[in-house]
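The values are calculated or read from the model by the stated rules, or taken from the named source; none is laboratory data. Just so it is clear, the structure is predicted and the values come from calculations on it, not from any experiment. So basically every Cβ, Gly included, is an ideal-geometry build from the backbone, and we count neighbours across all protein chains shown. The accessibility values were calculated without ligands, DNA or RNA, using every heavy atom of the protein model including side chains. Shrake-Rupley method; radii C 1.70, N 1.55, O 1.52, S 1.80 Å.
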Amino acid sequence: MSDDDLDALGLLHDPVRRSLYEAVAGRGGEVGRQEAAEAAGVSRTLAGHHLDKLVEAGLLESGFRQPERKGPGSGRPAKVYRRAAGERSVSLPPRDYATLASVLADVVEGLGAEERAERAARVAGERLGRGGGGRPVEEVLRERGYEPYADGDAGLRMRNCPFHVLSREQPLLVCSMNLALCQGLLEGLGEDPGRARLDPRPGECCVALSKTNED
């Protein structure tokens, strides 16, 4: 944990900044100042000030969206915001679980124990499901950091991968274990584990859940 992490997360104690951050992060894509301002219930000018502070802290990234109409009178590019790809964590004293997880992933690959790792992940998912108290799978996934959202008739997608850093190092292993974990979670909740499938989409979790017959 660095001082920058503390400073960045400290910004979210401000209710306006937190609302603006959640408005951008919850969209899963680029959000303009006006959209964020309306979501947070503040003026566009105030929203722009706080959004830029979140960019400076590394919690958001900014860019420009070109106007749909080209040529004279089309207007200037609009500034837009999206959630930053980096991660922030706070632990006192600092903990370094990511390094150990990376080492263990290397061991699994070196031993050719991918199938055993998937079975262990599924068992872990079942435990999480049984401890879910019969709540909807969306709530349990949200608690685990997946940020699920309804994707029209396709079912559930997840905006966030809780294992993002590790998945960049060992994508095949981590994604297969993630799938097994989600299948086990569904089974533990008494639902069809076949709902979980691998369906990678840029910037999102590699696992998606299809709709149930009752949906």
Worksheet item: Of the peptides 15-21, 152-158, 105-111, how do they stack up when ordered by the mean number of other Cβ atoms within 10 Å, highest first?
Response: 15-21, 152-158, 105-111
Discussion item. Accessible area of the range 106-162 with a 1.4 Å probe: how many percent of it is carbon plus sulfur?
Written reply: 46 percent
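Can you give the convex hull volume of the alpha carbon atoms of the range 113-214 per residue, in Å³?
Working: hull volume 9.0 nm³, N = 102.
In the range 113-214, the Cα convex hull volume per residue is 88 Å³.
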Practice prompt. Over the chain, give the accessible area per residue in Å² for a 1.4 Å probe, as an integer.
Written response: 59 Å²
Worksheet item: In units of 2.2 N^0.38 Å, what is the alpha-carbon radius of gyration of the range 136-176?
Response: 1.28
Practice prompt. Have a look at Val174, Val42, Val80 and tell me which one the Gaussian network model of the chain (Cα, springs below 10 Å) gives the largest fluctuation.
Written response: Val42
Fill in: Computed helical MRE - 222 nm, the chain, DSSP H runs ≥ 4 contributing -39500 (n - 2.57), nearest 500
-15000 deg cm²/dmol
Worksheet entry | Cα-Cα P(r), the chain, percent of pairs per 10 Å interval | 8, 27, 30, 24, 9, 2, 0
